[in-house]
Structures are given as C-alpha cells and as structure tokens.
Amino acid sequence: MRIVRSKDELRAALAPARRSGERIGLVPTMGALHGGHLSLLRAARERCDVVVMSLFVNPAQFRAGEDLAAYPRDEGRDAELAEGSGVDLLYAPTVGEVYPPGFATAVEVGGDLVGVLDGDPARRGAEHFRGVTTIVAKLLNAVGPDVAFFGHKDAQQAAVVSRMVRDLDFPVEVAVMPTVREPDGLAMSTRNAYLGDADRRRAVALSRALAAIERAVAAGTTSTPAALAAGRSELEAAGIEPEYLEARDAEDLTPADAFDGRPVLVAVAARLGAARLIDNVIIGGSKEEDAHEHPSTGA
Ligand code: PAF
C-alpha cells in the first residue's frame, strides 16, 4: 500500500489504472477505523480493481464546541488496518493541502435534506452537511473514482451526498453499505470510544428502540406516533432523552405520515455522556433498501 499526501501524487499514482480502464473505488474516512469502515473497504476490494482510502479529519464539518480536537487520530494504526483490508492507495492530505490559504468555495445541497434531523440548526446544523459535501466533492475530483462507498449509519449524509452527486453530475456510483453492529446491536461508530462503561451499557437502547418500532410496524401498527412510542419507551427505560426520534421518507427526508409499506427512515440521535450517537433503520420497501446504490444518473 502506498501513502500519498498531495493531489498531484494521488493523480500520478492513479494515472496508469485510469489509462487501462481499471475500476477505481474510493472509501472516504476520517480515520479511527472500526468494523464499519472495514466492511466498506471489503466491499470496495470485492467490486473494484484499485481501492483508494482517504483519511482526513475534516475541520469544516465540525461545529465550534464539537469534538474536532478530541477526535481520535492514529494514522499508523489506520494505515495498518487499511493495508490489511486490501487498500492500494491511502490518501492522507494535510489541512493545508485540502484548504489552501484563501480557500473560499463551498458545495451546498439546498432544501429540506440538510435542514432536518442532524441538520436542524439546534443540532449540528446545515453547515455540517456543507462541510461534508465540500470535502466529498473535493475527494471525488481528486480521486475520480468509479464507485464511492458510504455507510448507512450516516443515512442523512448518504442521502445528501447522493443528491449532490446527482445534481452536479459527478460520474460516480454512490454505494451505501449496511450498518455494522456490535454483538449487542450498538451501531459501530468512532464516537462509541467516548462512552464510559455505564453509558456503553445504556447505549444499546438506541438499537433496541429501532427494533421495537420495527416490531410494532410488523405487528400492524401504521400510525407513526404509535410506532415511535414503542421506541420511546425503550429509550425511557434506559433513561435516555433523545435529541430526535423521527420517521421520514427514506429518500427526501420529508416527514412520514404513516408506515404504509413505502421505505421510511426511522432515525434516532442521543447524547450519552461525552458521546453523541446516531442510528437508524429503514422500515418498508424491499430489504435491500438498507444497502443501496445511487447511480449518478438516478435518484
Ligand atoms: O463519514 C465520514 O467519516 C465523513 O463525513 C466523510 C464522508 C469521510 C467526509 O469527511
């Protein structure tokens, strides 16, 4: 595995593969790799000839007061895991390489997709997604991948990135892979590392809440408030007051009036001690909705 730090080195390293028409896969990460990232790398390895992983803790997607300074950084460990997962090229630029002096451009998806759930101004805000779409657009331009892989745990991020790719005609397929969970159901996340023992035990209530909602719908509940109430009781039993527990159309994130068979994203966010955790599940539609692909031309 080769490590490159500049766009020029990156482009030069990828030129032979591009000339010979090899399929290039990109897995964008902020490092601190866990099982969720490794599953994205495995998918990229299976589906692409050349696998590029980017490693960049992107300051533009952290709000003041968020965990930018505390975000775990261990490039040596990440590089070892990436190499063990079959990554060919690790792109680990500096902040100065990504945002040179005078950097003044942003890529922003408009509309409701970025103003709800995590994008609500009282939570991470639309600026968070502007930071994400700006860095992802830059990475897509720098790498020029055929496929870019994202995790479904960050379902809103995946929806926002897919919309940007579609709207701006990026010639890339966005592959959204299923959430990877700990044996007790907790969604894998870098921020799980911030959980103390007691909060780690309570954290399982998030996936339990989603499972309770799934069960309620499977048992015939179609009313959104009634189904969400089943999830709320799981959270309450663990003493968790969620930032949100909402049901929204899985594609455009408008509020879901009912569980009527169409794919509904049920998303939850909660603070437990120093950790802010998110999780979600898709209810309705085909089961493949949990791991789907957005061709650049499609929705
Ligand atoms: O999901 C993440 O780790 C980040 O938001 C991403 C996509 C690497 C952009 O910085």
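The values are calculated or read from the model by the stated rules, or taken from the named source; none is laboratory data. Everything quoted here is computed from the prediction, not taken from an experiment. Positions of Cβ are backbone-derived with ideal geometry, glycine not excepted, and every protein chain shown enters the neighbour counts.
Of all the residues in the stretch 185-236, those that are of a type in the set (Ser, Thr, Tyr) and within 16 Å of the ligand (Cβ to nearest atom) number 3.
Restricting Glu251, Glu182 to those that are modelled with pLDDT under 95, closer than 29 Å to Val136 by Cβ and surrounded by fewer than 19 Cβ atoms within 10 Å (Cβ to Cβ) reduces the list to Glu251. Taking the stretch 9-111 and the helices (runs of 4 or more DSSP H) fully enclosed by it, the elements with 2 or more residues that are within 13 Å of the ligand (Cβ to nearest atom) and not β-branched (Val, Ile, Thr) are at 35-47. On the stretch given as the stretch 112-121, residues that are crowded, with 18+ Cβ neighbours inside 10 Å and part of a loop (DSSP other than H, G, I, E, B) total 1. Among the residues of the stretch 161-174, the ones that are more than 17 Å from Pro263 (Cβ to Cβ) and either within 13 Å of the ligand (Cβ to nearest atom) or among the basic types (Lys, Arg) (or both) come to 4 in all. Each residue in the stretch 115-126 was checked for being free of Cβ contacts under 8 Å to residues at least 12 places away in the same chain, more than 16 Å from Asp252 (Cβ to Cβ) and within 18 Å of the chain's Cα centre (by Cα), and 0 pass. Residue under question is Asp112, and the condition is that it be out of contact with any His (no Cβ under 8 Å at 6 or more places or on another chain), touching a residue at least 24 places away in the same chain (Cβ under 8 Å) and over 22 Å from Asp252 (Cβ atoms); does it hold? It is false that Asp112 is out of contact with any His (no Cβ under 8 Å at 6 or more places or on another chain), touching a residue at least 24 places away in the same chain (Cβ under 8 Å) and over 22 Å from Asp252 (Cβ atoms). Of all residues in the stretch 193-210, those that are over 18 Å from Glu243 (Cβ atoms) have Cβ atoms under 8 Å from Cβ atoms of residues that are polar (S, T, N, Q) and part of a helix (DSSP H, G or I), 6 or more apart or on another chain, in Arg200/Asn192.
Among the residues making up the stretch 122-157, a single one is among the hydrophobic types (A, V, I, L, M, F, W, C), within 14 Å of the ligand (Cβ to nearest atom) and surrounded by fewer than 21 Cβ atoms within 10 Å (Cβ to Cβ): Ala137. Checked against the criteria, Leu265 does not count as crowded, with 19+ Cβ neighbours inside 10 Å, at pLDDT 95 or above and part of a loop (DSSP other than H, G, I, E, B).
Number of residues in the stretch 179-213 that are among the acidic types (Asp, Glu) and under 18 Å from Asp257 (Cβ atoms) equals 0.
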